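Structure record follows, encoded as structure tokens.
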């Protein structure tokens with residue numbers, strides 16, 4: 001009897017816990033929504049000057065006809081709707097936490113059973129395949145196995161798009177992403193579904209030899225998109241085959257990387273203090289250096305999208321200052337790649353205006369240094385050098401000469417007197 005069959009009663013119990021918790025979440029979400037609607041209904045009827053419920057849309061609103069007797073306690077003039085909504089919100093969060101634990105409990109048991117059942121059989125299958133089939137045929141089979149349409153967008157494998165970014169997203173978003181990933185893993189039966197190649201690259205399922213061969217195909221034959229740079233190192237370095245595989249030695253072809261510095265308004269956590277800003281941008285420099293691990297430089301086509309925007313409700317020069325610092329953070333790694341011979345396309349995407357501009361070529365080229373000029377500049381970088389040596393802090397904007405200083409730096413370092421915000 002297989003491990004899955006032997007554990008079927010327990011797995012059914014764990015699955016029932018997941019289903020029950022999903023139902024509890026739907027009920028909690030409905031309770032929160034209906035409470036808000038009832039509060040809106042009471043407020044609208046209490047406001048004699050508001051005749052919006054007399055129009056067509058209002059008459060079709062079913063919440064206008066909810067029987068007040070069903071919620072008699074809420075009809076009191078001093079009823080505290082906010083306190084009730086807080087209680088309902090807390091209950092919804094409790095249910096979501098319970099769902100996360102239910103997913104983890106089911107998947108821990110299910111993955112353990114599947115690994116026990118599959119590894120021995122697939123290792124035996126590999127022995128037969130390697131004896132009967134040439135490597136080229138095995139590669140054709142592997143390529144079909146590892147292709148998962150749900151993780152692809154325009155022919156490129158998306159890695160990290162379901163992850164929480166603490167710099168730009170709220171805790172509420174983190175909740176939803178955790179649930180989304182848990183549901184995906186529950187329905188596919190494994191957390192490996194969120195990784196390149198899925199379970200097929202995990203040696204605990206297929207054995208080291210098959211995992212290694214499939215990994216080499218996965219990383220060398222697929223184009224990759226990393227929407228957020230924070231997950232670049234994990235993609236390039238994480239070995240799930242147990243063989244010491246280095247994905248960066250196999251990746252080639254189209255490689256698209258997103259660098260986020262704002263989601264829109266420029267008021268995010270990284271910009272609230274100079275300490276946060278400098279730490280984030282110095283770390284951006286370190287993360288971007290991981291691209292230099294890629295060894296198949298002549299076969300690479302790297303496209304980088306630098307997402308920035310002039311901050312809302314700030315002075316123009318503050319936007320120029322931030323742009324200057326962002327460009328300084330990416331300067332050294334990108335120049336290194338350009339002069340290493342890697343085919344590079346670098347674009348700046350202005351989030352607020354949804355405009356994209358090529359900045360690695362053409363009239364708005366920001367990367368004009370020759371190899372000799374760049375090597376001469378890089379020779380001035382001492383041990384432990386960080387780009388923050390060239391940053392301008394927000395506190396310095398109080399100085400009278402800061403405006404002209406930033407303009408001079410933009411021209412000296414980048415060949416432009418304004419950022420792209422000013423060019424538009």
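The values are calculated or read from the model by the stated rules, or taken from the named source; none is laboratory data. Keep in mind that this is a model prediction, so the values were computed, not measured. Cβ: placed from backbone, ideal geometry, glycine included. Neighbour counts: every protein chain shown.
Among the residues making up segment 256-273, those that are at pLDDT 85 or above and either loosely packed, with under 14 Cβ neighbours inside 10 Å or in contact with a strand residue (DSSP E or B) (Cβ under 6 Å, 6 or more places away or on another chain) (or both) are 256, 257, 258, 259, 260, 261, 272, 273. Closer than 30 Å to residue 219 by Cβ and touching a strand residue (DSSP E or B) at 6+ places or on another chain (Cβ under 9 Å) - does that describe any residue in segment 238-251? Yes, the conditions are met somewhere in segment 238-251.
Of all residues in segment 288-301, those being under 21 Å from residue 365 (Cβ atoms) and in contact with a helix residue (DSSP H, G or I) (Cβ under 7 Å, 6 or more places away or on another chain) number 2.
Let's see how each residue does on (1) touching a helix residue (DSSP H, G or I) at 6+ places or on another chain (Cβ under 7 Å); (2) within 20 Å of residue 190 (Cβ to Cβ); (3) not in a helix (DSSP H, G or I):
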residue	(1), (2), (3)
12	no, yes, no
15	yes, yes, no
19	no, yes, no
23	no, no, no
32	yes, no, no
38	yes, no, no
43	no, no, no
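Taken over segment 334-358, the residue count meeting the criterion of being farther than 13 Å from residue 302 by Cα and under 24 Å from the mean Cα position of the chain (by Cα) is 11. Would you pick out the residues in segment 379-392 that are loosely packed, with under 14 Cβ neighbours inside 10 Å and outside any helix (DSSP H, G or I)? Within segment 379-392, 379, 380, 381, 382, 383, 384, 385 meet the criteria.
If a residue counts only when it is surrounded by 16 or more Cβ atoms within 10 Å (Cβ to Cβ), in the same structural domain as residue 236 (by TED's automatic domain parsing) and touching a strand residue (DSSP E or B) at 6+ places or on another chain (Cβ under 8 Å), which strands (runs of 3 or more DSSP E) contained entirely in segment 296-369 have at least 2 such residues?
Filter on segment 296-369 gives 300-308, 343-350.
In the set (1) surrounded by fewer than 19 Cβ atoms within 10 Å (Cβ to Cβ); (2) over 25 Å from the mean Cα position of the chain (by Cα); (3) not in a helix (DSSP H, G or I), residue 376 fails one condition alone, (3).
In summary, residue 189 fulfils each of the numbered conditions (1) at pLDDT 90 or above; (2) within 19 Å of residue 18 (Cβ to Cβ); (3) surrounded by 19 or more Cβ atoms within 10 Å (Cβ to Cβ) with the single exception of condition (3).
Out of all the residues in segment 140-152, is one or more touching a helix residue (DSSP H, G or I) at 6+ places or on another chain (Cβ under 7 Å), over 21 Å from residue 194 (Cα atoms) and either part of a helix (DSSP H, G or I) or at pLDDT below 90 (or both)? No, the conditions are met nowhere in segment 140-152.
May I ask you to verify whether residue 10 is over 23 Å from residue 176 (Cβ atoms), assigned by TED's automatic domain parsing to the domain that holds residue 84 and surrounded by fewer than 17 Cβ atoms within 10 Å (Cβ to Cβ)? When the stated conditions are applied, residue 10 passes them.
Cβ-Cβ distances below 7 Å connect the following pairs, each with a first residue in segment 76-103 that is without any contact (Cβ under 8 Å) to a residue 40 or more places away in the chain, a second residue that is surrounded by fewer than 16 Cβ atoms within 10 Å (Cβ to Cβ), and a separation of six or more residues or different chains: 79/73.
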